[in-house]
1. Looking at this structure, is Ala310 modelled with pLDDT of 85 or more and part of a helix (DSSP H, G or I)?
2. So, Thr103, is that one free of Cβ contacts under 8 Å to residues at least 40 places away in the same chain and crowded, with 17+ Cβ neighbours inside 10 Å or not?
3. Looking for something outside the structural domain of Ala160 (by TED's automatic domain parsing), surrounded by fewer than 15 Cβ atoms within 10 Å (Cβ to Cβ) and under 13 Å from Asn478 (Cβ atoms) - is there at least one such residue anywhere in segment 428-445?
4. Looking at Lys94 and the list (1) surrounded by fewer than 14 Cβ atoms within 10 Å (Cβ to Cβ); (2) of a type in the set (D, E, K, R); (3) within 39 Å of the chain's Cα centre (by Cα), which single condition is not satisfied?
5. Kindly indicate whether any position in segment 700-712 is surrounded by 24 or more Cβ atoms within 10 Å (Cβ to Cβ), under 30 Å from Phe169 (Cα atoms) and either at pLDDT 90 or above or not acidic (Asp, Glu) (or both).
6. Which condition number in (1) assigned by TED's automatic domain parsing to the domain that holds Pro619; (2) closer than 30 Å to Pro202 by Cβ is the one that Ile324 fails?
7. Quick test for you: out of Arg262, Arg281, pick the one residue that is in a helix (DSSP H, G or I), modelled with pLDDT under 90 and closer than 23 Å to Leu545 by Cα.
8. Confirm whether Ile249 is assigned to a helix (DSSP H, G or I), of a type in the set (Val, Ile, Thr) and at pLDDT 90 or above.
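The values are calculated or read from the model by the stated rules, or taken from the named source; none is laboratory data. Note that the coordinates shown come from a computational prediction; the quantities given were computed from them, not determined experimentally. FYI the Cβ positions are ideal-geometry reconstructions off the backbone, even for glycines, and counts take in every protein chain you see.
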Amino acid sequence: MFARLARFVVRHPWWTIVAWLVAAVLIIAFSPKLTTESDQGDFLPSKYESVQALKIAEKAFPQQEDTSSLIVVKRTDGSPLTAQDTAKVDAAAKSLNAKKPPTVLGFATGPQAVAPNKAVQVVMVPMKGTSMDDNKKQGEAVKQIRKDLPTLLKGSGLEAKVGGDVAGFVDNEDSFNKSFEIVGIATFVLIIGLILLIFRAPLAAVLPIVIISVTMQVAMGLIGVASKIFGFSGDDSLSTIILIVLFGIGADYYLFLMFRFRERLRAGDDKKTAMITAVERVGEVISSAAAAIAVTFLVLLLATFGVFSAWGPALAIAVVVMGITSLTLFPAIVSLLGTAVFWPSKAWKKQPKDRFSTAIGRGVGKRPALAAAASGLVLVVLALGTLGFKADYDFAAGFPQDTESAQATKDMEKGFPPGLTTPVQVFIKSQNGQPVDQQQLQAFSKAVENAPGVGKVQPPVPGQDKSVARVDLVLKLNPASNKAISLVKDDLAPAVHKAAPEGTRAYVGGPTAIFSDINTVNNRDLSVILPVAAVLIALILALLLRSVVAPLYLVVAVLLGFAATLGSAVYVFQGAMGEPGVTFQLPIVLYLFVLAIGTDYNILMTARLREEAKEGHEPRKAAALAVQHGGPTVAAAGLILAGTFSVMMLAPVSMLQQMGFSVAIGIALSAFVMSTFLVPGLTAMLGHKAWWPGHGDEPKKQLRPSDTREDFAPSGFRG
């Protein structure tokens, strides 16, 4: 099949290029855009209590804010606030109310907003709107408030800082933009720089960047079409994840193809014959790898959390498009360019000596048990770190702490519990539809004053629907901390349910409750997704290798690599750096980039091991040659992909640093530990049993001393 595809593409390159470009223009021009959501709660199933609380709030409190900021006022000399000071703050709030921006519902303060210790007074600034345009207007409102406050408080000895969700977004928008700008530029520089180092040819380095960029636009168009047909939407991070996935696997597949093309040129083939042979030989590897990744992504459809289930089809489509591009557009363009793609270097004509990969291959071949045991031990020790894994939902703590919003939070906590900005919202709903009794509400408020973790109970607020009332509970803990999330889930929610007045039901909502439910959903999703993905990857490997044994230990190796990567993150961030946990999204991100994409290298190395066995080499010799000749390909691809992710550590945002470090380590473990030592070592130890019940290692001919060793993978990536 791949031989026929290769002959058509290489013999009709212009037809291939024109057909591809026409399809690309039509898809990009006429496809709808993927819709996105930014509220994590929107992706939770309706059976969860926090979501039910949201639905009740939408009906009973249509005027309730969608988000908020707050103004924290204190004396510049640090003294307690006086009656004159609080009167000045009240007057400032009235002035702000007189010309409030359209998205601001009001500026609320009063005696209850003065800290018991008189350290600070707060002015709550509830806001309405969830669209991108609303978010922009809310940010502008915060900037205007900050501009007005100095004038309103001038000469009073008071200073005010604006904090809260919207203010935090305003302050950290530059950090995010700067982060993605740094990551984007560094990614392109790194990919171009490393490929330039490998081939010493500017055109060979720039070509994949251009083609992958266009491929991404085509993929996004097809994803938009699929989203309309199947009714899914992504979150704000999906386009960034698709970009990273496509540049990661696109660079890998490009290297697989180019290394083989260069090898065939060195063997004396003309440019068309060399490319036909290259596509024929790596076509199965690329298609199998792309299929394994796409299927792994599609398993995300089983996720209960809507963010992940939307990622599945979107990423699968992107991978399939990249696989098609790698087997059609890349070969067509390179076959036209021929040796000019390596200009001005002449090194492509020379055969490198491969001393390093030869030495590693010889060592693995001589002592496969030692190679497998040592590499396996490294992975197991790292994997033990997962036992201490804790999820962290506190995004704010991962941003720079010298911003005004961060300082406002610190000032506020001098006089109020940390949970003031994001209280736990309890909705008391009458079960018979009658109005909620006010005396019962007062009794409920009194009962929950001593509930676990509660620092303050706000006065009950009746809803438009009188059968519903809201009581806000201010936590003593940081509402986004692991302790607060566990507290709400395990202790506070049961206490609230127990204290609900007779004839009513209490629904616990708010951000902390939402994160508590997300935690439950994440644990459930990973427990389902990982086993199913492992089975499907094993089936794909079984079809590729015509074996039952090899896929089993390959899947175990991949899962062990996943655990080792997560454990590494725990050791570094929770252990060495003292963080309370690692970002809650990290396990699923590692699933996407380590378990899925890292499978590429195992497929390439295993296919090479089979190829060497078919050449008539006994198992240990086959392992030595596979590492010698296939190792440089895996090393180059792994270096580029790990390097691409490692640039995220330059970002001034903790979440991106954790993701960058973890994925880079995971890719490095996949390329330099699993594929180079563990998989070849195990295969050499098992020998012919690795290919049972098929005959994947059955020699296709008697090996002759004059046979060349240039028929599957590159013999080096220098030159």
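1. On the way: modelled with pLDDT of 85 or more: no; part of a helix (DSSP H, G or I): yes.
The answer is no for Ala310.
2. Numbers: free of Cβ contacts under 8 Å to residues at least 40 places away in the same chain: yes; crowded, with 17+ Cβ neighbours inside 10 Å: yes.
So Thr103 fits the description; yes.
3. The first filter runs over segment 428-445 and keeps only residues outside the structural domain of Ala160 (by TED's automatic domain parsing), leaving 428-445.
Then drop every residue that is not surrounded by fewer than 15 Cβ atoms within 10 Å (Cβ to Cβ), which leaves 431-435, 438-439, 442-443.
Subset that is under 13 Å from Asn478 (Cβ atoms): none.
No, every residue in segment 428-445 fails to be outside the structural domain of Ala160 (by TED's automatic domain parsing), surrounded by fewer than 15 Cβ atoms within 10 Å (Cβ to Cβ) and under 13 Å from Asn478 (Cβ atoms).
4. All conditions are met except number (3).
5. Taking segment 700-712 as the starting set, the residues that turn out to be surrounded by 24 or more Cβ atoms within 10 Å (Cβ to Cβ) are 712.
Filter once more, so that each one left must be under 30 Å from Phe169 (Cα atoms): none.
Checked segment 700-712: no residue is surrounded by 24 or more Cβ atoms within 10 Å (Cβ to Cβ), under 30 Å from Phe169 (Cα atoms) and either at pLDDT 90 or above or not acidic (Asp, Glu) (or both).
6. (1)
7. On the way: Arg262 fails: closer than 23 Å to Leu545 by Cα.
After applying the criteria, what remains is Arg281.
8. Details: assigned to a helix (DSSP H, G or I): yes; of a type in the set (Val, Ile, Thr): yes; at pLDDT 90 or above: no.
For Ile249, the condition - assigned to a helix (DSSP H, G or I), of a type in the set (Val, Ile, Thr) and at pLDDT 90 or above - is not met.
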